[in-house]
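Presented below is the structure to which this report refers.
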Amino acid sequence: MLSPAAAVVAAIRAATGSRPAVRRAHARLLKEGLALHRPAPSLLVSAYAKSRLLPDARQLFDEFPNRDLHLYSSLLAAISNSDSPALVLPLVRRMLSVDAIQPDHFVLTSIASASARLRSLSLGKQVHGRFVASPYSGDNVVKSSLIDMYCKCGVPDEARKVFDSMSVKNSIVWTALVSGYASNGCTDEALQIFQSMPGHGLFTWTALISGFVKAGESVRAVELFVEMRRDGVTIDDAFVLSAISGGAADLAALVLGRQLHGLSMRLGFLSSIMVGNALVDMYSKCSDIHSAREVFEEITLCDTISWTTMIVGEAQHGRAEEAFALYDRMVLAGVKPNEVTFVGLIYACSHAGLVQKGRELFDSVKQEYGINPGLQLYTCYLDLLSRSGHLSEAEELITRMPYEPDEAVWGSLLSACKKHNNSEMSVRIADNILELRPKYPSTYVLISNVYAVNGKWGSVATIRKLMANTKILKEPGYSWIDVGRESRLFHAGEVPLDVREEILAFLDEVVMEMRQRGYIPDTSSVMHDLEEHEKEHHLFLHSERLAVAFGILKSPPRSVIRVVKNLRVCWDCHTVMKLISEIFQRKISVRDSSRFHHFEGGKCSCSDFW
């Protein structure tokens, strides 16, 4: 026969994970008089929390007359892993001041974990200080949590100090340190630590690869993935496939993405929602929205991320109606949208000119779903209003939104003022932004362009002098294209010598044909005080034109030409792409910094609204 303590443990453990079962177990223990029998209090609190009943766990905690260290430890562990890690702070204060209980190594681990999730370096340092002064200062579990905390708070060198103090280092802490350095952009250090490890398992490889992707070094991430495959590491977890698919998405490497899709299929991971979501994102960012939709429709049970990824993809490809239809399906499926879902939907409205639809969606965020719009959503809504010419309403939104407007917010409004030829407002806002001392080169370029359009060449010269004095460099325009197994990068104004004659001759012929069809160069985007023919020559050598010319010359007939550009496509190049798609009967897909443009038969998917 089980002892009372054993009976309590057995009953609660059997119920953990099921809300009704936990409540039944609690009621049974109350009826049998065992609810206050150790270790029932701490086990019940933990069971409620693990069954996603944190308010019940907190209420139960408050009802116990004698709260001890075990009870605090159970609740703190539950809160640190919940959606509300900030609730750890008042509970710790209560433990120290009201109940006068000193934390043990379990409690310190929970507080360090909460600090990591909150990205609170100050709290983490306090935990570290108390840990060093405690009797548990040699505990490696707490040290592991501190390593994770320092890495997530952006100071991997502090994590390294804790790591070096550990007597025994297992693969988990090695992996945490590798991930911490890589995800904070210290990729060389991460690779050095990785190479000094005694062994490399899948999870360590995954940490390194995903860290490189997060740091924006996707080319090296792909090289590492290939090296991992050559080392014969067995892929028995889906996360590394999800991470490297993100790398392919960043590179817009469609061929690589398709290979990863095939590998996922061969390894049996297509049923993983993590891989499915990554493939949807990859195909969307590689300009193949139809393949993205096919993968999405094959996901058995879509979560919020699945729906949102597909909605954002459709929106970025100018398929507003498809995005709205997906949202309707999402709601009918009972999946609650998040803020990013609405960012995608309002983005779709913004690039389709659907102002009233966007207003209704923005209002529903808080009214229907209780979501407080963040700065990203406000910025997207502002973009909708300003792009559509509602400039005064957009400026009013900036003044009443509950966030301090950042450089991106003011830049969006300034860009719209320029687009809608509101000279007075654009110059006024440009002057205001300049007083804020912007830090991004693109903002200075935009301000310079506004002054140039309004003939303020003296102000243009002042801006350029300011950029030179503060060492702010304008990001050069470039485009790249994959043709077969060859990848080519083209910079504005520079034609590679090996294809120079071929590309220039082709573009000369294209310009002659376009002029016969009524094409007149739009030189308004050339913000230099030049003669008109010089401005036209400047446009002639824009990087996306060079890439498309190379694609038509080198790719098989009828194949889709896919180009990626780091900056926004100018209005004249947009017109040229439409004409080229009509003249040569080719589909051209251009991914710029703003969206995707699909040119076919002389038209673009953006309907000339971007």
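The values are calculated or read from the model by the stated rules, or taken from the named source; none is laboratory data. Quick caveat, the model's predicted, so the values are computed rather than measured. Cβ atoms come from the backbone with ideal geometry, glycine included; neighbour counts cover every protein chain shown. For accessibility, only protein heavy atoms count, side chains too; no ligands or nucleic acids. Shrake-Rupley method; radii C 1.70, N 1.55, O 1.52, S 1.80 Å.
The table below gives the values:
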quantity	calculated
By average C-beta atoms within 10 angstrom, highest first, the peptides 131-139, 181-189, 545-553	545-553, 181-189, 131-139
Crossing angle, helix 202-214 versus the chain [Cα axis fit, 0-90 degrees, rounded to tens]	40
Helical contribution to [θ] at 222 nm, DSSP H n ≥ 4, -39,500 (n - 2.57), averaged over the chain, rounded to 500	-20000 deg cm²/dmol
Furthest towards positive pole of dipole, L507, Y72, Y283, structure part the chain, Cβ charges	Y72
The range 102-258, dipole about Cα centre (Lys/Arg Cβ +1, Asp/Glu Cβ -1), debye to the nearest 20	300
The chain, accessible area per residue, ligands and nucleic acids excluded (1.4 Å, Å²)	48
Phi to ³J(HN,Hα) by Karplus 6.51 cos²θ - 1.76 cosθ + 1.60 over the range 400-406, Hz, x for Gly, Pro	10, 6, x, 10, 6, x, 9
Which label in (i) 69, 27, 20; (ii) 52, 28, 26; (iii) 75, 37, 21 gives the computed semi-axes √(5λ) of the Cα gyration tensor in Å	(ii)
Inter-site label distance for S137 and E513 at 7 Å from Cα along Cβ, in nm	7.8
With Cα atoms, 0 to 90° folded angle of helix 4-15 axis to the chain main axis	20
Using alpha-carbon coordinates, inclination of helix 105-118 to the longest axis of the chain, degrees	20
Label-point separation in nm, T399 to S559, each point 7 Å along Cα→Cβ	5.6
The range 348-421: GluC sites (Glu not before Pro) in DSSP coil with no more than 16 other Cβ atoms inside 10 Å	E368
Over the chain, relative contact order from alpha-carbon pairs under 8 Å, at least 6 apart, %	6
Only Lys, Arg (+1) and Asp, Glu (-1) charged, at Cβ; the chain dipole about Cα centre in debye	1660
Across K161/K474; K357/K418; K161/K285; K419/K554; K152/K419; K125/K214, pairs whose alpha-carbon gap is larger than 30 Å	K161/K474; K161/K285; K419/K554; K152/K419
